[in-house]
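Working notes, beginning with the structure itself.
The values are calculated or read from the model by the stated rules, or taken from the named source; none is laboratory data. Note that this is a predicted model, so its numbers are computed, not measured. Here the Cβ positions follow ideal geometry from the backbone for every residue, glycine too, while neighbour counts run over all protein chains shown. Accessible surface is based on the protein model in full, side chains and every heavy atom, while ligands, DNA and RNA are left aside. Shrake-Rupley method; radii C 1.70, N 1.55, O 1.52, S 1.80 Å.
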Amino acid sequence: MTKEPEIIRIQAGASVPAEVYGARAAILAELMAAEFNVSDAWAVPVEQVRAFGRSIFPDVWPFEADLNQGGLYSLRASPVVRAWGGPETLLNIGMCDAARDALVSSLGANAANALYCRFIQDYAVQVMRLDEEDFEELIATVTDVEDPEYSKVLVAYLAFYEAEMDEPFPQDPVVQLQTAGRSLAAAWSGTSARILREANGAPQDAGLALIAQRMVLGLGQGESGAGVGQMVSPVSGRTEPFGRYLSQGQGLDALNDKARATFLGQDTRGPSLQSIAPDTFDQFCAVSEVARRRFVDDMRLEFTVHDGEVFVLDAMPAERSARAAVAITVRLVADGIKSKREALLGIDPRSLNEVLHPQIDPKADRNVVATGIGASPGADTGRIVFSANAAQASEARHEPCILVRVETAPEDIRGMHSAQAILTERGGITSHAAVVARGLGLPCVVGASGIDIDARTKQLTIQDTGLVLFEGDTLTIDGATGEVILGAPKLVQPDLGGAFDTLMSWADDYRKLGVRANADTPSDARLARDFGVDGIGLCRTEHMFFEEGRLAVMRELIFADRAEDRKDALNLLLPMQREDFIELFSIMQGHPVCIRLLDPPLHEFLPRSRDEIRRVAEEMGLTVSQVTSRIEELSEFNPMLGMRGVRVGITVPEIYDMQARAIFEAAAAIQKLSGTPLAPEIMIPLVSANREVEIVKARIEAVVSNVEDATGTTLKYDLGVMVETPRAALRAHDIAKTASFLSFGTNDLTQMTYGLSRDDAGRFMRQYVADGVFPEDPFHSLDTEGVGELMLIAAERGRQADPALKLGLCGEHGGDPVSVAFCYAAGFDYVSCSPFRTPIARLAAAQAEILDDGSAR
């Protein structure tokens, strides 16, 4: 029969498993093993605490004799996992008339009475659930609040407690302890506490242990007090003291806003422990360094000082921002405390979003007026504009702006380039606004359903409050939280280089999975190179057509009725595309460049509003009815499932011919210039059948032959398929006969697998996740069970047909750590995502490699 765990004394060498006695108890044992000053403590196991909730207590507490002889104790929560939280610590258990009398000689009468009053109030509020404000009001009625006479307060408190509870304040320390234990157990099992800890990942039956520890009072002669501090900046990670200390204080008093606490280290803003008691401060520094090496991390210490001597009550990882975390972990490696592998595993890849983008200062006030889906991280401030033209005009005046749209379209791209951030009323995590914003590194909030945008009257209305904002009003967009904030709170700018570059170089040393960037223009490619990518995994050529001066030519192509007119328009586009590709290949310096042929339906290049239609008709010498008629001809009930991708390439083959010619003429020019062979990757979008690939490949081969003859250059290339339809995944073995690589476009593949519109899913996705329909938004983190299974089927079947078949992922899932780990395990060659997410993918790929070989050190 297994013996039930018992209350044990925590001491060096004792077995104090966290799953039985909680994380804090395990830490105390570590502190004692490191020979820190730690007062006597006992750990109460999880099962015993559950019994407390049923008023079942030990016959004799192991420290009961000391408690009855005037020893004062704290009772603090020790959850199995620290992040689960727990009830507030109760200090000074055992305080009663006799204990007060015994303390008078060492503390003085007023201080002893003050301590007794404090315990009565804490016990009444935390254990018996009386109102704290009643005690605060009571003090004001019996004494001078600035210079209280606690003998009077004590009489009033004892009388008030007896009147409220219908019994005198308990004088038996064991009764106090048991009642407190039952109260903490009840608080842990309450509905609110359970919901809160479950939000932090705790199971429903999560256990709570307790620690009973002899008080180091922090009161009395010499320098005495309590504080919380660490030896690193939580913002930058630099080595410097950070924290608060309160003389003649206890527990976490120093963190109370009303307390007249001092700083830990010297500070121009006020007094500090370092200036008041330099020897004690030096002790704290020495203890922090020992803890740093013991726990292989910079630690935040809760401590008490008694007559100048430092006692440690608790240790936890130092408070830190993501930026500070990188600096801290790199310095730990430099100091020989942590290995590179441990350092890489110790950083959450998602946290790098905070390093790469500006953030709102954590201390700044936030006047949140609306919320939506945080689609692209970072924060920025600007004046509201309602159109792409207004954004460009704002940029020309050097005025930061926020582009506000119901939803964005490809023709908004130039305005998006000009904005500091983007806000849309509609859309989801993979909507047009979200994808483009991530590529540009712009903060973006989409699907802000609580707002009404009227671009005609240039007004933004907040539904809940009726607040109306106009063009020119100032907003701040937080793309991490999805918050829309009125005004301009202080921002913290990113600080790349230094420790960040070091961490990334370590990641690159370990990872084997390639990490490429989605880059649509030469400026995108330069940014990608700055981020140290392995190549370009997706160049969406349609974005090139929206550059200044090109959209009109593209529209001429669409409106052309005769083959000669289409040829004329294509001849104008050809040199533009060729120059883009020459620049793209030059920037990437031999790294792989995967170019996707035109994908969107042609109607996306046409005007939408009546004013735009009239302007285009005037520019092209057409009537409004002619323009309208052509728009109606190209309109489809569901254009994202209609005439787009390879279907355009087959039905209007001249477009793909022109793009192929531009690619190969650019490749030939670069080869002649550098003398190095170039093999661009050409990707066909939205394929469903191998015959589609064969048709396009035949025309590309003809173009290649023609360019080789014209330039006298031998050209090589890889032809691949963007797997976006379930049928392409299922027929991968057939497609692999013609294609040399498969790149999974997981945005569309997810959309088609689920039958979900990626632009509209944001309206209900949060509810679906909250109700457990989906564990996560499948457009945010790859659905490894459904979409992932299609990918695994495609990978297996494709490589059965061609063992050398390259596999990649080029949706925004490529920047999600879970998706990166999946691709690594599936044997993919690379993932590709927006440039600003590539550091996340690089770190996640390194972690996948380290965890796979099982050597974390």
Within the stretch 780-794, of all residues that are over 16 Å from residue 737 (Cβ atoms) and among the small types (Gly, Ala, Ser), the one nearest to the chain's Cα centre (by Cα) is 781
Of (1) under 39 Å from the mean Cα position of the chain (by Cα); (2) in a helix (DSSP H, G or I), residue 664 fails just (1)
Filter the stretch 396-409 down to the residues that are buried (at least 18 other Cβ atoms within 10 Å of the Cβ) and either β-branched (Val, Ile, Thr) or at pLDDT below 90 (or both) and list them by number.
402, 404, 408
With respect to the numbered conditions (1) within 22 Å of residue 321 (Cα to Cα); (2) open to solvent by less than 50 Å² (accessible area, probe 1.4 Å); (3) β-branched (Val, Ile, Thr), which one is the sole condition not fulfilled by residue 239?
(2)
Give just the number: which of (1) more than 22 Å from residue 684 (Cα to Cα); (2) at pLDDT 95 or above; (3) surrounded by 15 or more Cβ atoms within 10 Å (Cβ to Cβ) does residue 759 not satisfy?
(2)
Got a sec? Which helices (runs of 4 or more DSSP H) wholly within the stretch 1-118 have at least 2 residues that are hydrophobic (A, V, I, L, M, F, W, C), out of contact with any Gly (no Cβ under 7 Å at 6 or more places or on another chain) and open to solvent by 60 Å² or more (accessible area, probe 1.4 Å)?
none
Could you please let me know if residue 266 is among the polar types (S, T, N, Q), over 31 Å from the mean Cα position of the chain (by Cα) and open to solvent by 30 Å² or more (accessible area, probe 1.4 Å)?
yes
Going by the conditions given, is residue 308 touching a residue at least 40 places away in the same chain (Cβ under 8 Å), open to solvent by less than 60 Å² (accessible area, probe 1.4 Å) and over 20 Å from residue 27 (Cβ atoms)?
yes
Do we have residue 452 as outside any helix (DSSP H, G or I), open to solvent by 30 Å² or more (accessible area, probe 1.4 Å) and more than 30 Å from residue 353 (Cα to Cα) here?
no
Only one of these conditions is not met by residue 281: (1) open to solvent by 30 Å² or more (accessible area, probe 1.4 Å); (2) free of Cβ contacts under 8 Å to residues at least 60 places away in the same chain; (3) over 25 Å from residue 362 (Cβ atoms). Which number is it?
(1)
Quick check on my filter: what residues within the stretch 621-669 are small (Gly, Ala, Ser) and open to solvent by less than 10 Å² (accessible area, probe 1.4 Å)?
645, 649, 660, 662, 666, 667, 668
Looking at the stretch 132-139, is at least one residue open to solvent by 50 Å² or more (accessible area, probe 1.4 Å), touching a residue at least 24 places away in the same chain (Cβ under 8 Å), under 48 Å from the mean Cα position of the chain (by Cα) and farther than 30 Å from residue 7 by Cα?
yes
Limited to the stretch 204-249, what total is found for residues that are in a loop (DSSP other than H, G, I, E, B) and over 27 Å from residue 95 (Cα atoms)?
10
Only listed residue being open to solvent by less than 20 Å² (accessible area, probe 1.4 Å) and either over 22 Å from residue 726 (Cα atoms) or in contact (Cβ under 8 Å) with a residue 24 or more places away in the chain (or both), chosen from 826, 841, 821:
841
Mind counting the residues in the stretch 364-412 that are within 26 Å of residue 465 (Cα to Cα) and free of Cβ contacts under 8 Å to residues at least 40 places away in the same chain?
3
Residue check, residue 433 against (1) among the small types (Gly, Ala, Ser); (2) surrounded by fewer than 17 Cβ atoms within 10 Å (Cβ to Cβ); (3) closer than 18 Å to residue 415 by Cα, all met but one. Which one?
(2)
Go through the stretch 791-818 and report how many residues are modelled with pLDDT of 95 or more and buried (at least 24 other Cβ atoms within 10 Å of the Cβ).
5
The lone condition residue 777 fails out of (1) among the charged types (D, E, K, R); (2) more than 24 Å from residue 736 (Cα to Cα); (3) in contact (Cβ under 8 Å) with a residue 60 or more places away in the chain; (4) open to solvent by 50 Å² or more (accessible area, probe 1.4 Å) is (4)
Among the residues of the stretch 697-707, write down those that are more than 16 Å from residue 738 (Cβ to Cβ) and either in contact (Cβ under 8 Å) with a residue 24 or more places away in the chain or not in a helix (DSSP H, G or I) (or both).
703, 706, 707
So for the stretch 378-389 (the condition being aromatic (Phe, Trp, Tyr), open to solvent by 10 Å² or more (accessible area, probe 1.4 Å), over 19 Å from the mean Cα position of the chain (by Cα) and modelled with pLDDT of 90 or more), does at least one residue qualify?
no
Look through 697, 672 and report the one residue that is of a type in the set (Lys, Arg), open to solvent by 20 Å² or more (accessible area, probe 1.4 Å) and modelled with pLDDT under 95.
672
Of the residues in the stretch 294-326, those that are of a type in the set (A, V, I, L, M) and in contact with a strand residue (DSSP E or B) (Cβ under 6 Å, 6 or more places away or on another chain) number 9
Of the numbered conditions (1) open to solvent by less than 20 Å² (accessible area, probe 1.4 Å); (2) at pLDDT below 95; (3) among the polar types (S, T, N, Q), residue 221 fails exactly one; give the number of that condition.
(1)
Run residue 287 past the list (1) open to solvent by less than 40 Å² (accessible area, probe 1.4 Å); (2) under 30 Å from residue 350 (Cα atoms); (3) not basic (Lys, Arg) and report the number of the one that doesn't hold.
(2)
With the first residue restricted to the stretch 66-81 and required to be more than 30 Å from residue 198 (Cα to Cα) and without any contact (Cβ under 8 Å) to a residue 40 or more places away in the chain, and the second required to be open to solvent by 40 Å² or more (accessible area, probe 1.4 Å) and not in a loop (DSSP other than H, G, I, E, B), Cβ contacts under 6 Å at 6 or more apart or on different chains are 70/102
Restricting attention to the stretch 157-171, does a residue exist that is out of contact with any helix residue (DSSP H, G or I) (no Cβ under 8 Å at 6 or more places or on another chain), open to solvent by 60 Å² or more (accessible area, probe 1.4 Å) and under 22 Å from residue 63 (Cβ atoms)?
no
Applying the selection to the stretch 598-620, what residues are over 41 Å from the mean Cα position of the chain (by Cα), in contact (Cβ under 8 Å) with a residue 12 or more places away in the chain and open to solvent by 10 Å² or more (accessible area, probe 1.4 Å)?
613, 619, 620
